[in-house]
Amino acid sequence: MSEALVASQAPGTDSSVPGASGARQFWRRLRAQRAALVAAGVVALLVLIALAAPLLTAIEGQDPTTYHPSLVDSARGGVPVGPLGGIGGDHWLGVEPQTGRDLFARLVYGARVSLGVALAATLVQVLIGIVVGVAAGLGNRWVDQLLSRATDVIVAMPLMIMSLALLAIVPSSFPRPVLVALIIGLVAWGSIAKIVRAHTLTLKELDYVAAARLSGWGAWRVARRELLPALAAPVITYAALLVPTNITVEAALSFLGVGVKPPTPSWGQMLTAADIWYQAAPQYLLLPAGALFVTVLALTVLGDGVRTALDPRAASRLRIGTGRRREAKA
Amino acid sequence: MSALKGLSGSLAGFPGFALRRLVGAVVTLFAISVIIYLVFYVAPGDVAQITCGPRCSPAQVHQVAEQLRLDDPLYVRYWHFLQGVFVGQDYSTGTSVQHCGAPCLGVSYQSGQQVTQLIWAKLPVTFSLVLGAMVLWLILGVGTGVLSAWRRGRFTERALTAVTLAGTATPVFVIGLVLMIVVCGQLQLLPFPQYVPFTEDPEQWAWNLLLPWLSLALIESAKYARLTRSSMLETLAEDHVRTFRAYGVGERSIIGRHALRGAVAPVIALSANDFGSAIGGAVLSETLFGLPGLGRELVHAVTVVDLPVVVGMVLVTGFFVVLANAVADVLFAVADRRVVLS
């Protein structure tokens, strides 16, 4: 997002520091929250790991897809050879039971899939949500009715069930991670469209937007020049909270075996078989589970922080009368 | 006085509101059926070939296509489907003609079983799972929320906030997996879950479902704790509470009677919503714990491209979501009379 987008004021955002640009104010408020700052650091680290996955595995000297049959004991059903599930200098986190694939490599490449799919899905949700929400808010009664009903229908569809069913009917030749991102995006844009529509309806009545409309600007130009900048704050707030949800959904779909397919590694998929091996190779369960937990937790805390920074009023409401000086962390 | 006025005003408009909401739900459900039908019957590959099996000759495949009416135009098939839902339909099994009664969602390509019967058989499992978990997560969630609103600003609240945050960040299959390994595997406190029908043995039913209930409840209750806490804090900040305090009303009474009241409406609305989405979301816990409910049946149907079952399942879960949302709206209006009924 460009600074100009963040800078513009949405309704409900106060501008307590006159002169300071919105973006700078946003950073100042985000920095004031210790938890959000730590979370931002963790998220940055995770993104770095995901981007540097090929480099990291090259340093280790492994890759996520090569089988190492010599490292698993086929007589004992494929239990990794050696102590602690095969941890050692060659395989930093041990190897996968049965196949002997390197766990460290699968874990860091899994970060790519998790973050990549979640971000792409969020992008799809936000794009559809903005288009549908703005069109419903600006359009005439019929357009609004039609789009709002369509949004209701999308909201009412059970997310897991729909994604599951849709993933099954698309031919397997389609690149899987892209497909998972697309389907999550296409099934779950309802709530963001509703939020955008509500904000558009409020903004439409404000003088500067009304003036632009009355001076004969087309709907497209009004939406692009006047509405979008003002919608940035609520959209960013909501999108930040969508990312962790999407991470969970991708992991769930891959866990069920319909999401990202092997040999592409994914945290959810790694957990599918983990329960059988927990005694021989506990890290096979603990690593993807821990990675998921840390990622979702960090993104959730960061999302909360972004919300507080963009809409301080909503956050400060919770503090009134509690006699606390510190920021309400909920 | 103003509260009384608001009460009479909202009750007058209430039946109309409930009716409108219900009609809206029916329209939404109809739209869902059209979309689902379109999506699943336009997109797929060669259903006849898949159903018949890889060794079928072209003639056999053709016969299957005819028997399943796969060559009819789409609108004819959708019309047929609607007929089945409202008045039932007859279908041929190749040797005899069977009747499928009024809410007929078609017949499984694979087993030849009626989809309605299939769903009917699986529904008790999913309902047992979701209802039991819901009772637990309401108790846990609201309890935690009340406690942290009461002990606000103290260590208890901060600890509870941290725990609930961890709860919202954990996927249900992760906590379920870990609990299953620790509680059933290592400590052997509970059996590995296995579904026992309630009518057969209520004690075993509950004993076996306890772990799935706990896993779902631990995750879901976090949301309720946050909601309860924030609605209570909002009420506590209102002027009338300050008045109560000035009159010497005790903290216990303020928390238990007045602040809690503010949380009732949002909690009821959220739980009705969540009931719907939990029916759809049960697929995860059912797969993890091996419970033979709707979700697991759907996963199976999806892998063998059994379209009538897939469509039927999506519709039925959609039905629960829509119904639950409508109920949530109506309950919210009943519980919180400040809601403007427009």
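The values are calculated or read from the model by the stated rules, or taken from the named source; none is laboratory data. What you are looking at is a predicted structure, and each value in this text was computed from that prediction instead of being measured. Every residue, glycine as well, gets a Cβ built from its backbone with ideal geometry; the counts of neighbours run over all protein chains shown.
For residue A:149, the requirement of being within 14 Å of chain B (Cβ to nearest Cβ) and over 22 Å from residue A:246 (Cα atoms) is met. A residue that is assigned to a helix (DSSP H, G or I) and either basic (Lys, Arg) or without any contact (Cβ under 8 Å) to a residue 12 or more places away in the chain (or both) can be found somewhere in region B:301-323.
Give the residues of region B:173-182 that are more than 8 Å from chain A (Cβ to nearest Cβ), out of contact with any Phe, Trp or Tyr (no Cβ under 8 Å at 6 or more places or on another chain) and in contact (Cβ under 8 Å) with a residue 12 or more places away in the chain, sorted by residue number.
Passing the criteria: B:175, B:179.
Taken as a whole, the condition of being surrounded by fewer than 17 Cβ atoms within 10 Å (Cβ to Cβ) and in contact (Cβ under 8 Å) with a residue 60 or more places away in the chain applies to residue B:264.
On the stretch given as region A:163-194, residues that are touching a residue at least 40 places away in the same chain (Cβ under 8 Å), within 13 Å of another protein chain (Cβ to nearest Cβ) and not in a helix (DSSP H, G or I) total 2. Restricted to region A:206-313, the set of helices (runs of 4 or more DSSP H) holding at least 1 residues that are more than 12 Å from chain B (Cβ to nearest Cβ) and free of Cβ contacts under 8 Å to residues at least 24 places away in the same chain comprises A:207-214. For region B:204-242, filtering for residues that are modelled with pLDDT under 85, surrounded by fewer than 21 Cβ atoms within 10 Å (Cβ to Cβ) and not small (Gly, Ala, Ser) leaves 7.
Across region A:286-298, what is the total count of residues that are surrounded by fewer than 22 Cβ atoms within 10 Å (Cβ to Cβ) and over 18 Å from residue A:39 (Cα atoms)?
1
Inspect all residues belonging to region A:167-177 and state whether any of them is at pLDDT 85 or above, within 21 Å of residue B:284 (Cβ to Cβ), buried (at least 16 other Cβ atoms within 10 Å of the Cβ) and not charged (D, E, K, R). The answer is yes, given that some residue of region A:167-177 is at pLDDT 85 or above, within 21 Å of residue B:284 (Cβ to Cβ), buried (at least 16 other Cβ atoms within 10 Å of the Cβ) and not charged (D, E, K, R). Does residue B:162 satisfy being exposed (fewer than 13 other Cβ atoms within 10 Å of the Cβ) and without any contact (Cβ under 8 Å) to a residue 12 or more places away in the chain? The answer is yes for residue B:162.
Considering region B:1-73, the qualifying helices (runs of 4 or more DSSP H), each wholly inside and each with 2 or more residues that are among the basic types (Lys, Arg) and modelled with pLDDT of 65 or more, run over B:2-42.
So is residue B:84 surrounded by 13 or more Cβ atoms within 10 Å (Cβ to Cβ), assigned to a helix (DSSP H, G or I) and free of Cβ contacts under 8 Å to residues at least 40 places away in the same chain or not? For residue B:84, the condition - surrounded by 13 or more Cβ atoms within 10 Å (Cβ to Cβ), assigned to a helix (DSSP H, G or I) and free of Cβ contacts under 8 Å to residues at least 40 places away in the same chain - is met.
Would you confirm whether or not region A:195-203 contains a residue that is of a type in the set (Ser, Thr, Tyr) and within 13 Å of another protein chain (Cβ to nearest Cβ)?
As a first pass, look at region A:195-203 and keep what is of a type in the set (Ser, Thr, Tyr): A:200, A:202.
With within 13 Å of another protein chain (Cβ to nearest Cβ) added as a condition, the list becomes none.
Taking every residue of region A:195-203 in turn, none turns out to be of a type in the set (Ser, Thr, Tyr) and within 13 Å of another protein chain (Cβ to nearest Cβ).
The set of residues in region B:148-170 being more than 16 Å from residue B:230 (Cβ to Cβ) and among the hydroxyl-bearing types (Ser, Thr, Tyr) consists of B:156, B:170. Of all residues in region B:183-196, none are closer than 21 Å to residue A:284 by Cβ, under 20 Å from the mean Cα position of the chain (by Cα) and within 14 Å of chain A (Cβ to nearest Cβ). Of all residues in region B:134-159, exactly one satisfies the criterion of being closer than 30 Å to residue A:273 by Cβ and surrounded by fewer than 22 Cβ atoms within 10 Å (Cβ to Cβ), namely B:136. Any residue that is under 24 Å from the mean Cα position of the chain (by Cα), modelled with pLDDT of 90 or more and closer than 24 Å to residue B:315 by Cα - is there at least one of those in region A:131-144? Taking every residue of region A:131-144 in turn, none turns out to be under 24 Å from the mean Cα position of the chain (by Cα), modelled with pLDDT of 90 or more and closer than 24 Å to residue B:315 by Cα.
From B:136, B:105, grab the single residue that is part of a loop (DSSP other than H, G, I, E, B), in contact with a helix residue (DSSP H, G or I) (Cβ under 7 Å, 6 or more places away or on another chain) and in contact (Cβ under 8 Å) with a residue 60 or more places away in the chain.
Exactly one of B:136, B:105 is part of a loop (DSSP other than H, G, I, E, B), in contact with a helix residue (DSSP H, G or I) (Cβ under 7 Å, 6 or more places away or on another chain) and in contact (Cβ under 8 Å) with a residue 60 or more places away in the chain, namely B:105.
Whether a residue is within 14 Å of chain A (Cβ to nearest Cβ) and in contact with a helix residue (DSSP H, G or I) (Cβ under 8 Å, 6 or more places away or on another chain) was assessed, and residue B:282 passes this test.
When A:264, A:272, A:202 are checked against the criterion of being touching a Phe, Trp or Tyr at 6+ places or on another chain (Cβ under 6 Å) and surrounded by fewer than 20 Cβ atoms within 10 Å (Cβ to Cβ), A:272 stands alone in meeting it.
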